[in-house]
Amino acid sequence: MEARLQELKNEALEKIQAAQTVKELTDVRVAYLGKKGPITDVLKGMGKLPAEERPKMGALVNEVRAEVTESLEARMVLLEEQAINEKLQSETIDISLPGRPAKTGNPHPLTRVVEEIEDLFLSMGYEIAEGPEVEKDYYNFEALNLPKGHPARDMQDSFYITEDILLRTHTSPVQARTMEAKGGEPIKIICPGKVYRRDNDDATHSHQFTQIEGLVVGEDIRMSDLKGTLSIFAKKMFGEDREIRLRPSFFPFTEPSVEMDISCFKCGGSGCNVCKKTGWIEILGAGMVHPNVLEMAGYDSKRLTGFAFGMGPERIAMLKYGIEDIRHFYTNDVRFLTQFQRTEL
Ligand code: DAH
């Protein structure tokens, strides 16, 4: 029995040294020290020994076990270290490889144009004012000289929520709200925001779109101030050699009212497909604030006067960048959106 134990020990020690991987070594442990291993077998066979020999054999078995375990553990430390080193080696990161460029988004083309217009007016001393999209009939119409039943209300088909509340059809109610809040003081604001109309969507109409309203109220504000301001705007947005022309028009909240055209930026005025052969492109509506509008908001229309204008940034962006369908702004097709990278504008 003693000889068998020695033999087993030598065998185990040899296999431990021969094991090349953690897995192989674990197999050796299971094979020799496990419950079904030969050393355990020897222990089990001790019952057959005469009683006086048992303690000696027991001690010997324990000795062999200890020796094999020690050798195994030492080898395990070595092999584990080796395995870690191999793994580190194989996972080495080549820090000299160029990185993958991170994809960055870019502002929506409409946001761009709105911000461009905002920056221009901010540079001329305007402030930005905002108002609610769910608006009172009073501010959307009545305070703008459009009493209930006024035929000009039909110019703007509306989404009513209740009889007195609707989705605003234009940004002009922000004029009325600001005037009311300012209590007779001078004003110089632009009001960008979303507006809603009951229109069927097509290439040039959308039930929701954007407007930017402008309002200046003060002493001695005249039509010539409006004209100068719009001229600067036209040149900044569409090129220094743009000319503007004002055509008589009608809006209930301004008197007189005008529509502003710019000389065609594509053909310079000789006539092309962009200006429909007229040489002029319609850009926005404007006028001198109607005395009724001033008075309703608590202004003395004898002392203070004002001009106002309203424009659609979608139309401006479409003209500027040759976009043929307004729906492109809202469907968020990345093939469209990524054409407006920072560097291109
Ligand atoms: N609110 C008008 C519209 O949506 C646009 C407009 C025209 C605004 C003339 C103005 C203005 O402030 O003076 O059709």
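The values are calculated or read from the model by the stated rules, or taken from the named source; none is laboratory data. Owing to the predicted nature of the structure, the values given are computational and were not obtained by experimental measurement. Every residue, glycine among them, receives a Cβ derived from its backbone with ideal geometry; neighbour counts consider all protein chains shown. Areas reflect the complete protein model, heavy atoms only, side chains present, ligands, DNA and RNA absent. Shrake-Rupley method; radii C 1.70, N 1.55, O 1.52, S 1.80 Å.
Data overview
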item	result
Matching residues, region 181-192, being in a strand (DSSP E or B) and open to solvent by less than 20 Å² (accessible area, probe 1.4 Å)	I187, I189, I190, C191, P192
Every residue from region 91-144 that is basic (K, R) and surrounded by 11 or more Cβ atoms within 10 Å (Cβ to Cβ)	R112, K136
Tally of residues being of a type in the set (K, R) and under 17 Å from G312 (Cα atoms) across region 195-234	2
Near pairs, Cβ below 7 angstrom, 6+ apart or cross-chain, from region 109-137 (closer than 16 Å to P313 by Cα) to any residue that is in a loop (DSSP other than H, G, I, E, B) and open to solvent by less than 30 Å² (accessible area, probe 1.4 Å)	P109/F340; R112/F340
Qualifying residue in region 278-288 (condition: under 38 Å from the mean Cα position of the chain (by Cα), at positive phi and within 15 Å of the ligand (Cβ to nearest atom))	yes
Qualifying residue in region 308-325 (condition: among the β-branched types (V, I, T) and touching a Lys or Arg at 6+ places or on another chain (Cβ under 9 Å))	no
Unique match (being acidic (D, E), in contact with a Ser or Thr (Cβ under 7 Å, 6 or more places away or on another chain) and more than 22 Å from S206 (Cβ to Cβ)) among E314, E295, E240	E295
Residue among T278, T254 that is surrounded by 22 or more Cβ atoms within 10 Å (Cβ to Cβ) and out of contact with any Lys or Arg (no Cβ under 9 Å at 6 or more places or on another chain)	T254
Whichever residue in region 157-180 is closer than 18 Å to P192 by Cβ and assigned to a loop (DSSP other than H, G, I, E, B) and, among such residues, is farthest from the ligand (Cβ to nearest atom)	R168
Set T204, T229: member being of a type in the set (V, I, T) and either open to solvent by less than 30 Å² (accessible area, probe 1.4 Å) or over 29 Å from T331 (Cα atoms) (or both)	T229
